[in-house]
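Each reported figure results from applying straightforward, stated rules to the coordinates on display, with no laboratory input. This structure is a prediction, so every number in the text was calculated from the model and none was measured. Please note: Cβ atoms are built from the backbone with ideal geometry, for glycine as well, and neighbour counts cover all protein chains shown.
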Amino acid sequence: MQNASFHPAIWADLAAAALDLEQRLGLRRLKRGMLTMLAAWLAYFVIINMWVRTLNKVIVPVFDMPLGVFLVAQGTAVIFVAAVVMLVRKARDAIAA
């Protein structure tokens with residue numbers, strides 16, 4: 001018995017759906033935005049990493065954790081939310097068009 005997940009028609013349908021999505025969303029602009037966000041994310045963490053020893057001498061009172069760890073956690077959350085917002089806006093624009 002042949003596995004249904006390897007059926008060629010399924011892969012053709014998936015490829016067609018991916019191509020349609022790429023055309024509707026304008027993948028070039030999405031790539032450019034994601035690469036910009038990646039650069040900002042990397043720059044943020046390089047800057048934090050350069051100052052981590054100094055920052056970790058300060059303890060955030062409410063959370064009782066070093067400031068460097070706190071900033072890394074906040075930066076991760078902010079970049080993730082920004083990426084989700086960017087993708088949702090792009091999808092909304094594609095649907096409206």
List every residue whose amide H lies under 5 Å from the amide H of M65, counting only residues 5 or more places away in sequence or on a different chain, with H placed 1.01 Å from N in the peptide plane. V60
If you take the beta carbon distance between R28 and I59 as r and set R0 to 35 Å, what does 1/(1 + (r/R0)^6) give as a FRET efficiency, to the nearest 0.05? 0.20
Out of the chymotrypsin sites (Phe, Trp or Tyr not before Pro) in segment 36-89, which ones are loop residues according to DSSP with at most 14 other C-beta atoms within 10 Å? W51, F63
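Let me have the relative contact order for the chain, percent, based on Cα pairs under 8 Å that are six or more residues apart. The partial results should precede the final answer.
Working: 36 pairs, mean separation 25.9, N = 97.
Once divided by the residue count of the chain, the mean separation gives 27 percent.
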Pick from V58, V72, V84: which residue has the top mean-square fluctuation in a GNM of the chain where Cα pairs under 10 Å get a spring? V58
Collect residues whose amide H, placed 1.01 Å from N in the peptide plane, falls under 5 Å from the amide H of N56; neighbours closer than 5 in sequence don't count. G68
So the compactness index of the chain, its C-alpha Rg divided by 2.2 N^0.38 Å, takes the value 1.66
